[in-house]
Amino acid sequence: MQHSFTEENYLKIIHTLSGKDGLEVSTSAIAESTATKAASVTDMLKKLAEKGFIHYKRYQGVTLTPMGENLALKVIRKHRLWEAFLVDKLGFGWDEVHEIAEELEHISSDLLVERLDAYLNYPRFDPHGDPIPDAKGNMPEPGYVMLSELKKGQKATLTGVLDHSQAFLQYLDSADLNLGTGLEVLDINAYDHSYLLQIDNGKNCFVSSQVARHLLVQP
């Protein structure tokens, strides 16, 4: 079935917003995520429903059909594989690849994607720590928690980020907080819940409670 880049983007966004439990997603949440007027979102949702990609009733939440879920996972798989390729093989920074991967994710060749996966030696996670679906749509379990869930004295390894914005990733680079970095919680400020960390290069750094909620770690 033919589908547009915009339709693929909508399905990917619905998948992300619905979470691992497949919760219903509101039109307003999709409009906010796409920076699109609600009326335009409604028109697109009607098209997606007519093609069998989503379950949609006006004024009710949206969920993906099995066909929509399958396509969303294919797009996510391509996006994350391309990010891995750009960082691991072409030397891009993890703060530079999102927009490029947004374009590359719409290449339709399944053969290219499978050869890309093999060339990269079947990575399970992308450069931001997000799990990469396999060819059957199975997502590896990351097994991490937010840094904000750690207690004083706990040690962990930085394994992912929830904020992929360029500004946030550049901030992490400046603080030497990269994927694979080991850290220990030296103190948690009682007033603003900021974290004093010691990282594995021996340096200490402070991160705000907001930053701590956007860092994923494996204790």
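The values are calculated or read from the model by the stated rules, or taken from the named source; none is laboratory data. As the structure is a prediction and not an experimental result, all values here were calculated from the model. Neighbour counts are summed over all protein chains in view; Cβ atoms, including those assigned to glycine, are modelled from backbone coordinates with ideal geometry. The protein model used for the area step is the full one, side chains on, heavy atoms only, and it has no ligands, DNA or RNA in it. Shrake-Rupley method; radii C 1.70, N 1.55, O 1.52, S 1.80 Å.
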Any residue that is crowded, with 16+ Cβ neighbours inside 10 Å and in contact with a Gly (Cβ under 6 Å, 6 or more places away or on another chain) - is there at least one of those in the range 28-49? no
Looking only at the range 135-160, filter to residues that are assigned to a helix (DSSP H, G or I) and not hydroxyl-bearing (Ser, Thr, Tyr); which one of those is nearest to the chain's Cα centre (by Cα)? Leu147
Among (1) in a helix (DSSP H, G or I); (2) without any contact (Cβ under 8 Å) to a residue 40 or more places away in the chain, there is one condition Asp173 misses while meeting the rest; what is its number? (2)
Residue count, the range 5-27 (criterion: open to solvent by 30 Å² or more (accessible area, probe 1.4 Å) and either in a loop (DSSP other than H, G, I, E, B) or of a type in the set (Asp, Glu) (or both)): 7
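Does Val211 fit the bill of being open to solvent by less than 50 Å² (accessible area, probe 1.4 Å) and at pLDDT below 95? Let's see the steps before the verdict.
Numbers: open to solvent by less than 50 Å² (accessible area, probe 1.4 Å): yes; at pLDDT below 95: no.
No: the conditions fail for Val211.
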Filtered residue count, the range 120-159, keeping only those that are on the phi > 0 side of the Ramachandran plot, crowded, with 17+ Cβ neighbours inside 10 Å and at pLDDT 95 or above: 0
Please identify the pairs in which a residue from the range 92-120 that is within 18 Å of Leu71 (Cβ to Cβ) has its Cβ atom under 7 Å from the Cβ atom of a residue that is hydrophobic (A, V, I, L, M, F, W, C) and assigned to a loop (DSSP other than H, G, I, E, B), counting only partners at least 6 apart or on another chain. Glu114/Ala135
Scanning the range 183-199 residue by residue, those open to solvent by 20 Å² or more (accessible area, probe 1.4 Å) and either touching a residue at least 40 places away in the same chain (Cβ under 8 Å) or within 19 Å of Gly129 (Cα to Cα) (or both) turn out to be His193
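Pick out the one residue from Leu177, Leu162 that is open to solvent by less than 50 Å² (accessible area, probe 1.4 Å) and of a type outside the set (Lys, Arg). Please lay out each step first, then the result.
Numbers: Leu162 fails: open to solvent by less than 50 Å² (accessible area, probe 1.4 Å).
Of the residues listed, the single one that is open to solvent by less than 50 Å² (accessible area, probe 1.4 Å) and of a type outside the set (Lys, Arg) is Leu177.
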Close pairs (7 angstrom Cβ cut-off, 6 or more residues apart or separate chains): under 25 Å from Ile100 (Cβ atoms) in the range 51-77, of a type in the set (D, E, K, R) and open to solvent by 20 Å² or more (accessible area, probe 1.4 Å) anywhere: Ala72/Lys12; Val75/Lys12; Ile76/Lys12
